Amino acid sequence: MVNNKKIIVVLPAYNAAKTIERTYSEIPFDIVDDIILTDDFSKDDTIAVAKKLGIQHIIAHDRNKGYGANQKSCYKKALALQADIIIMLHPDYQYTPKLIPSMVNMVVTDLYDVVLGSRILGKGALKNGMPFYKYIANRLLTFFQNLLMNQKLSEYHTGYRCYKASVLQQIDFEKNSDDFVFDNEILAQCCFINARIGEISCPTHYFEDASSINFKRSVIYGLGVLRVSFSYALQKTGLFSFSIFNRL
């Protein structure tokens, strides 16, 4: 705990058997109270490795439901365990767990409601192996999103996030996509309720065992991102209504 706040790290996993131990070993258990792993019907030994590591809360999907659905299972379980702070960390070791104390501190001190680990702040994205086409797509999408949503974030596409549980309790993330655009929808929901969003520079690692989506899925994701941003802008006019922006 930090400031008497219960801190839970959630690991949405898919075929993470080769990387989960390295990720787990760097989690700062001096402040983290619990770990939840949700496995989206992996084809490898992700669950066996998680059990070997002693992770107590393991949710195994009986079929591949999608990245967004995996996060939904994570957050519902974390809220059921009465978390105050929830950190979503990919177990593929693309993002370093060493930033957890800094991200948590930004939230428990009540400076921010959400903190994003940004790959774009600083100059390390390309240096650390982000594919050039993904970097360009990230920058273009972020530009249009900031314009349409009246924000000033460095990126909307990071998979490393720290939330106040109270934020997740105000938004209907269950209505979001079960696919990759879930990440963008939940961030748009946070913006819509005027959650205070901070960012921290996060070095990332791109290597063979790190998760990634192919070019076709990236295009589908990009189109979904634009849809979310336009929906947000239209909802803000008051002339249109989209159910994902309804408060709970």
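For the reader, a short list of remarks on this structure follows.
- Rg followed by Dmax, in Å, when segment 9-60 is reduced to its Cα trace: 10.2, 32
- By other beta-carbon atoms within 10 Å, ranking Glu199, Glu174, Glu185 with the fewest at the front produces Glu174, Glu199, Glu185.
- If the Kirkwood radius is taken over C-alpha pairs of segment 132-177, then at 25 °C and 0.890 mPa s the Stokes-Einstein diffusion coefficient equals 195 µm²/s.
- Shown here: segment 1-133, whose C-alpha atoms stretch 41, 40, 25 Å along the first, second and third principal axes, sorted largest to smallest.
- For segment 154-248, a Kirkwood radius taken over Cα pairs fed into Stokes-Einstein (4 °C, viscosity 1.567 mPa s) yields D = 88 µm²/s.
- Computed over segment 56-184, the alpha-carbon pair-distance distribution with 10 angstrom bins reads 11, 38, 39, 12, 0, each value a whole percent.
- Counted as membrane-span-like here are DSSP H helices of the chain whose alpha-carbon atoms extend 30 Å or more along the helix's own axis and whose Kyte-Doolittle mean is -0.5 or above; these are 215-237.
- Debye log10 I(q)/I(0) for the chain, one point scatterer per Cα, at q = 0.07 Å⁻¹: -0.21
- Taking all Cα pairs closer than 8 Å and separated by 6 or more residues, the relative contact order of segment 97-248 comes to 36 percent.
- Counting lysine pairs in segment 1-135 that sit 8 or more residues apart in sequence, or on different chains, and whose Cα atoms lie under 20 Å apart gives 20.
Rule-based calculations on the coordinates, nothing more; no lab input. Remember, it's a predicted structure, so these values are computed and weren't measured experimentally. Using ideal geometry, Cβ is built from the backbone for each residue, glycine included, and neighbour counts are taken over all protein chains shown.
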